Amino acid sequence: MKKYHLSEQELPRAWYNVLVDLDEPLPPVIHPGTGKPIGPDDLAPIFPEELILQEVAAGPYATRFVPIPDEVLEAYRLYRPTPLIRATRLEQALGTPAKIFYKYEGISPTGSHKPNTAIPQAYYNKKAGTKRLTTETGAGQWGSALSFACSIYDLECKVYMVRISYQQKPYRRTLMEIFGANIVPSPSPDTQAGRKFLEEDPNHPGSLGIAISEAVEDALQREDTKYSLGSVLNHVLMHQTVIGEEALKQLELAGAYPDVVIAPVGGGSNFGGLILPFYREKKERNLSTRIVAVEPTAAPSLTRGVYTYDFGDTAHIIPLVKMHTLGSTFIPAPIHAGGLRYHGMAPLISYLYEKQEIEAIAVPQTAIFQSAITFARAEGIVPAPEAAHAVHAAIQEALQAKESGESKTILFNLCGHGHFDLLGYEKFLRGELEDFEYPEEEIQKAISELPKVEA
Ligand SMILES: *Cc1c(COP(=O)(O)O)cnc(C)c1O
């Protein structure tokens, strides 16, 4: 194992804004009520102005490189730059001629890449006078990251946590409470959307789509409150590019450059964060870097979904975006990679996939846990189940290199540790984990229920 560290001075000073580099603009965002493209004013009740401008790359943000504010850099320094590690022990264990590098985001205070955007989102809200933020969380990674960021900037934080996770992941809840957040299981009696689902079923297990509806409704009702989303949106992916920018510098120290860059995809934020700077380099320097997104077979929005307009939430109160989707009525199987259980994909990542700039593969959960254990035994880090999707794909690439005898450099995102996910590991070790293929009829059914939008 060999680590490549950057000093604090070498922490990147700008995020990469890929929007200004795309051949065509992304399709417009559509208002759920009028069916017409929305304007910045429509988003003002839920996001502060600076994040809206970043979302559409307008005003001071119509530029390729967006300076990271000093206050954000200061908070980033609590855990950044994160290490880039050459997995030499894993290479030996696999007997591969490939070089395997991983970027380790698990050293952040809450154990994943999510604080990279939670911090700037809380910062821009504080600056705009917001007193309170609402959000949803599934597995708890995003809720913990935002709770932590709100504690830095002294904001109140209310988290709607998918009920089934609230019950199954009590320690994530405690972590959020340590940072001072207020957590309720979703659906909750606190919102109209929540009450509607509770009437249908008082023990409703909840879903990410329902929790988003609740958090947005809450923010719309209070003047002092805004909403914060941890993935999918353009500004979120931009904040995450600090990962790829650091990795580029660290690979230079290592004297290496990847032939293939791999990351797991849920909503697309850690993937975008790592790959977008490599996508820029690929275009600019005419490289043939392969870029691979790894999703679960239980929620295969890129490999089996359709590219169309869909709702991001279940109550259909947030705007429609064009994305790869399985339909907002899709309820994914209860796999342990909770962070990847979402029906849609970031519009930006969907666009790149549609343009065949990136590849995607879907893998089942028993395979990812097996690879995660191989990795843990070699490198000493227990990957989050989400991150294990990338571990698995990287191992497959390394084994192919062994078979063909080709030299190959692989980079993947180890976007989080799995210390709160030991239940999944325990079940795997006991042979109790099942694989889920999403049935084609179910996909077709959810897709037939997609909204009709001409644009
Ligand atoms: C939330 C999360 C994900 C999925 O979200 P993306 O926006 O696709 O990155 C993946 N890995 C970890 C560790 C997460 O916490």
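So which residues in the stretch 160-206 are open to solvent by 100 Å² or more (accessible area, probe 1.4 Å) and farther than 20 Å from Leu220 by Cβ, if there are any at all? Walk me through how you get there before you give the answer.
Just the residues of the stretch 160-206 that are open to solvent by 100 Å² or more (accessible area, probe 1.4 Å), to begin with: 167-168, 171, 178, 192, 195-196, 199-200, 203.
Within the stretch 160-206, Gln167, Gln168, Tyr171, Ile178, Glu199, Glu200, Asn203 meet the criteria.
Looking at (1) assigned to a loop (DSSP other than H, G, I, E, B); (2) away from the ligand (no atom under 14 Å from the Cβ); (3) not assigned by TED's automatic domain parsing to the domain that holds Ala388, which is the only condition Val216 fails?
Failing condition for Val216: (1).
What is the residue count in the stretch 117-129 for residues that are open to solvent by less than 10 Å² (accessible area, probe 1.4 Å) and either more than 10 Å from the ligand (Cβ to nearest atom) or assigned to a loop (DSSP other than H, G, I, E, B) (or both)?
Count: 7.
For the stretch 247-293, which residues satisfy the criterion of being more than 16 Å from the ligand (Cβ to nearest atom) and assigned to a strand (DSSP E or B)?
Val260, Arg290
Output the residues belonging to the stretch 104-116 that are surrounded by 24 or more Cβ atoms within 10 Å (Cβ to Cβ) and either among the β-branched types (Val, Ile, Thr) or within 16 Å of Leu233 (Cα to Cα) (or both).
Correct list: Thr110, His113, Lys114, Pro115, Asn116.
Which residue, of Ala87, Ala118, Ala128, Ala93, is within 23 Å of Tyr171 (Cβ to Cβ) and touching a residue at least 12 places away in the same chain (Cβ under 8 Å)?
Values: Ala87 fails: within 23 Å of Tyr171 (Cβ to Cβ); Ala128 fails: within 23 Å of Tyr171 (Cβ to Cβ); Ala93 fails: within 23 Å of Tyr171 (Cβ to Cβ).
None of the others qualify; the one that does is Ala118.
With more than 16 Å from the ligand (Cβ to nearest atom) and at pLDDT 95 or above as the only criterion, which of Gly111, Gly95, Gly143, Gly106 stands out?
Answer to the selection: Gly95.
So, restricting to strands (runs of 3 or more DSSP E) that lie completely within the stretch 1-88, which ones have at least 2 residues that are open to solvent by 20 Å² or more (accessible area, probe 1.4 Å) and either on the phi < 0 side of the Ramachandran plot or modelled with pLDDT under 95 (or both)?
Here the list reads 2-4, 65-67.
Is it the case that some residue within the stretch 371-387 is in contact with a Cys (Cβ under 6 Å, 6 or more places away or on another chain), within 12 Å of the ligand (Cβ to nearest atom) and open to solvent by less than 10 Å² (accessible area, probe 1.4 Å)?
Yes, the stretch 371-387 has at least one match.
Assess whether Ala393 counts as being surrounded by 19 or more Cβ atoms within 10 Å (Cβ to Cβ), part of a helix (DSSP H, G or I) and in contact with a Phe, Trp or Tyr (Cβ under 8 Å, 6 or more places away or on another chain).
Criteria met by Ala393.
Kindly indicate which of Phe436, Phe420 is aromatic (Phe, Trp, Tyr), out of contact with any Leu (no Cβ under 7 Å at 6 or more places or on another chain) and at pLDDT 90 or above.
Details: Phe436 fails: at pLDDT 90 or above.
One residue alone meets the criteria, Phe420.
The values are calculated or read from the model by the stated rules, or taken from the named source; none is laboratory data. Just so we're clear, the structure is a prediction, and the values are computed from it rather than from any experiment. As a convention, Cβ positions derive from the backbone with ideal geometry for all residues, glycine included, and neighbour counts pool all protein chains shown. Side chains are part of the model used for accessible areas, which takes the heavy atoms of the whole protein and leaves out ligands, DNA and RNA. Shrake-Rupley method; radii C 1.70, N 1.55, O 1.52, S 1.80 Å.
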